[in-house]
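The values are calculated or read from the model by the stated rules, or taken from the named source; none is laboratory data. Note that the structure is predicted; figures quoted are calculated from it, not measured. Neighbour counts run over all protein chains shown; Cβ positions are idealised from the backbone, glycine included. For accessibility, only protein heavy atoms count, side chains too; no ligands or nucleic acids. Shrake-Rupley method; radii C 1.70, N 1.55, O 1.52, S 1.80 Å.
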Amino acid sequence: MTRGKPHLSRPVLCLTGILLAVLGAHGQRQSPITASELSQAIRNSTLDPDQCYLVRDLAFYRDDIKLYFNDGYLIFSKPVAGERLSAVFAGSEEVADGEILLLPPRPDERKSLAKYAKTPNLDEHFTTAVMTFTDGSARALMDEIAAGGRGRPVPEMGPAMAERWNPVLANLNDSLTQRTVADLLAPVRPGGGFLFAALQSERVGTLDVMYDPLSDDQIMLGQLVERNGWVAYDVWTSFPARAVRLGSTPAYERPFLVSSYVISASVDENLRLTAVTKARITVGKNPIRALAFGISRAEKITAGRMDGLNVELSVQESARGRALRVDENDLVLAVVPESLAPGSTHEIEFEHEGAVIGDRGSGVYSVGARANWYPRAALEFSEYDLEFRYPKDLTLVTPGEVVEDHTDGEWHVTRRRTPVPIRIAGFNLGHYARTTNVTAGLTVDVYGNRGLDPALRPQPRATVVAGPIRPLYRGTPNAGQQTTTIIQTPPAPDPLGRMEAVAADVAESLQFFSSLFGPPPLKTLTVSPMPGTAGQGFPGLIYLSTLSYIEERQRPQNVQDSRQKTFFSDLMVAHEVAHQWWGNVVAVESYQDEWIVEGLAHYSALLWLEKKRGAGALQAELNEFRRDLLMESLDGGTVESFGPLMWGYRLESARDPETWRLITYEKGAWVYHMLHQRLGDKAFLGMLAELRRRFEYKILTTRDLQNLAKEFLKPASDEAMDSFFDSWVRSTGVPAVRLRYSTTGRAPNVRLTGTLELSADSQQSLSTEYSIEIPVEIQYGNAERQVEWVKIGSQTQPFSLQLRQTPTRVALLNGATLATER
């Protein structure tokens, strides 16, 4: 995807980050008859005045999270379904004192924490803590108080504490209700349940800490902030829990998988969507009662059934919870009366409707919910059977092979089925023109709007027209030049001006990538327009910005520079085509691996640009990428220094919204280019072909890519490749290097000795463990050249090479590395 939200779904932030998972409870528990009753009981939960304690030096650990309640009052909530789910630590007339200790295990996470907390290891005092949990924390704390003599009951303080903190607790419970409901409903609770605590610190404000066994990173520390009128979430640090890192606790497995979707959708004359979605699921290793699906907030699920029987639907309605989500979904829990057995298969069915299609005017429509117009559990490979009924004067596009296509009165009916599993099914519709290109068994259908998006219609502008200058004669006053202001409207651009060029580029880049990576998953690739500057590459269906369809000279003035022309005319098209492989055949495990597919799609687009316009065009773009990354950011330092590639969506926390895109796309492309240069052309392309073959319809991690690259590095050097990924992917820093060298001896025994010295700024910004290889180009008088990879680290180290002749020039090979020569 380009210039928009990430192509792949990302983890949801903080409080709602775990809501798309399904949980259970310790053993069998008595619970309310319905999920709605249980939900109401959680929302109405209050603190128990009879369970208030004065505590001192009370320690409480949850894996890496260490909480110390040094001096204050600790009050627990009343039981819900037999379990106390909340607690508050605070003072009365005097301020309470608590402390949190959290030590991130990795350098990049320590850097992240230091960016926000001004310290790489958190040792922060807090005055209050409002906690919600389903991991038995209340019982553990009560047992510690009773057994360790760390507190005593003070029921006389209970009423005042409850009155003061019940409203705060209600607000927190409202945000976590559905997660808690799912915990209490299912028979088995993976990981023992979650712990969430909102801590109030005099130094940093309100800070959230969470242990979530269902996340890729079980430990999270962050803060809710308001930035430019928008509610955002800064993740200060996030990492796997110690038990997972050491292997004593296995990583979480999804509670169920969806193998197929059958969707029957209707679009009425007012563009309102009504649909029935059926999903075939297989339960995982634990029994479950609640299944979580996400769907666009523009839609409403009106009914649900499991194996033909009605299920209860519970919808996340918390305003705070919605504000924290980054995927613009609402969460729906489908709760079945009895537990579903491990390994069993079932069909769940949803009826849903909503206004997901917008009318922009001039016969131009846009599907706002491209990735979430149907209930979806996760981005997983599934088979799709899609049927649409819509007004016959419109054209609808969607992936898959045509099973049925006909008109029925004023309606058009089309049905398509995917021949291979895909991760997501999109659709688009409009008043389209169409052009088709068939080459080597691959079909490219390109659709374009017949009407012009009103947002691209030129605005009237004033033009000052000067009249002729009258001669000045003696005795003629006020003579001179007269002007007239004329209001003019430039001619409207042709919305289909580049349609044939787009079709040719799609077809040619599809063939080019097929020759490198193997055939695409689907034999038909459909391209359709979307408003704005973004693009998206779904399986078998590409959305391109309407700007790509317009002749360059007719585009708005703000996209008239050479880089913008290249982007909308060349890179966007090839980037989205490349996603047919990277992201849609090879998928990644978590947000930390998202850079793999986005960076590789962007570098694939650069390879296409090189084929189309020559090597100079690729290098020119990479040079621009370097300039972007070394620009000063709004947060101080360079854009690149804000965070490493593996931070994924967390890079969006920067005050500059472009930071995520520049690091993920442009630094990601540079990493692949450097890997290309290090491995050599044959080995690099061989690695990409093997990447597709080995991980087809599978999940890829950064570690997998790193290990694969080792297989193609000759001579083999695990240390070199480990250092490459540690320095360029898991760390930040673009070293500025000075090369010093001298030669001794005569041909054919010439000795080249030298050093690569880091600049003072580089030495300060790079970690002490920093170590990479820098390409040094050695040129000779007969136009011969050779490239040597020289190791450089935080400490200056000399290097020595034996040459057969005296070189005429020795310099850093700038085109092969993001590092710069000073």
Checklist entry - For region 659-732, which chymotrypsin sites (Phe, Trp or Tyr not before Pro) are in a loop by DSSP, counting at most 15 other Cβ atoms within 10 Å? => result TYR697
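Largest first and in whole Å, give the semi-axes of region 367-415's equivalent ellipsoid, each being the square root of 5 times a Cα gyration tensor eigenvalue. If you can, show how the numbers build up before the last one.
Values: eigenvalues 111, 37, 13 Å².
The three semi-axes for region 367-415 are 24, 14, 8 Å.
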Checklist entry - Which of VAL130, TYR116, VAL154 sits farthest toward the positive end of the charge dipole of region 109-164, with +1 on the Cβ of Lys and Arg and -1 on the Cβ of Asp and Glu? => result TYR116
Next on the checklist: Report, to one decimal in Å, the Kirkwood hydrodynamic radius for region 140-249 based on all distinct Cα pairs.
Outcome noted: 17.0 Å
Item to check | Net length gained if the chain between LEU634 and ARG450 were fully extended (0.36 nm per residue, minus Cα distance) | outcome: 62.1 nm
Item to check | Straight-distance crosslink candidates among aspartates and glutamates, where the alpha carbon sits under 17 Å from LYS300 and sequence neighbours closer than 8 are dropped | outcome: ASP268, GLU312, GLU317, ASP327, GLU328, ASP330, GLU349, GLU351, GLU353
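Determine the per residue accessible area of region 568-703 with all protein chains present and a 1.4 angstrom probe, expressed in square angstrom.
In whole numbers, region 568-703 has 28 Å² accessible per residue.
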Next on the checklist: Please report the antiparallel percentage of DSSP beta bridges with both residues in the chain, rounded to the nearest 5.
Outcome noted: 90 percent
Item to check | Reciprocal of mean inverse Cα separation for the chain (Kirkwood radius, Å) | outcome: 29.8 Å
Checklist entry - Hey, any idea what % of region 661-759's accessible area is carbon plus sulfur with a 1.4 Å probe? => result 47 percent
Item to check | Solvent-accessible area, 1.4 Å probe, carbon plus sulfur percent, for region 37-148 | outcome: 47 percent
Checklist outcome for this item: Protection proxy (average C-beta count within 10 Å per residue), highest first, orders 142-149, 556-563, 299-306 as 299-306, 142-149, 556-563
Checklist entry - With +1 on each Lys and Arg Cβ and -1 on each Asp and Glu Cβ, how big is the dipole of the chain about its Cα centre, in debye rounded to the nearest 20? => result 2240 debye
Next on the checklist: I need to check one value: relative contact order of region 524-662, counting alpha carbon pairs closer than 8 Å and at least 6 residues apart, in percent.
Outcome noted: 16 percent
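Pairs of alpha-carbon atoms within less than 8 angstrom and 6+ residues apart define the contacts here; what relative contact order does the chain have, in percent? The partial results should precede the final answer.
On the way: 1814 pairs, mean separation 71.4, N = 822.
It comes to 9 percent, rounded to a whole number.
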Next on the checklist: With unit charges on the beta carbons (Lys and Arg positive, Asp and Glu negative) and the dipole taken about the Cα centre of region 668-811, which residue among GLY680, TRP670, THR732 sits farthest to the positive side?
Outcome noted: GLY680
Item to check | Selection from LEU199, ALA243, PRO104 lying farthest towards where the dipole of the chain points positive, charges on Cβ | outcome: PRO104
Checklist entry - Taking the simple approach of a point 7 Å from Cα along Cα-to-Cβ for both ALA140 and ARG242, what is their distance in nm? => result 1.2 nm
Item to check | GluC sites (Glu not before Pro) within region 700-779: DSSP coil, no more than 15 neighbouring Cβ in 10 Å | outcome: GLU769
Item to check | Ranked packing of 409-421, 496-508, 236-248, most packed first, by mean Cβ within 10 Å | outcome: 496-508, 236-248, 409-421
Item to check | Computed over region 629-744: relative contact order in percent, which uses C-alpha pairs under 8 Å that are six or more apart | outcome: 28 percent
Checklist entry - About the Cα centre of region 631-699, what is the dipole size in debye to 20, counting +1 per Lys and Arg Cβ and -1 per Asp and Glu Cβ, all else neutral? => result 500 debye
Item to check | region 627-715: trypsin sites (Lys or Arg not before Pro) in DSSP coil with no more than 13 other Cβ atoms inside 10 Å | outcome: ARG655
Checklist entry - For region 492-623, what size does the Cα cloud have along each of its three principal axes, sorted from largest down, in whole Å? => result 44, 32, 29
Checklist entry - For the peptides 778-788, 802-812, 363-373, 509-519, what is the packing order when you average, over each peptide's residues, the other Cβ atoms within 10 Å and list the highest mean first? => result 363-373, 509-519, 802-812, 778-788
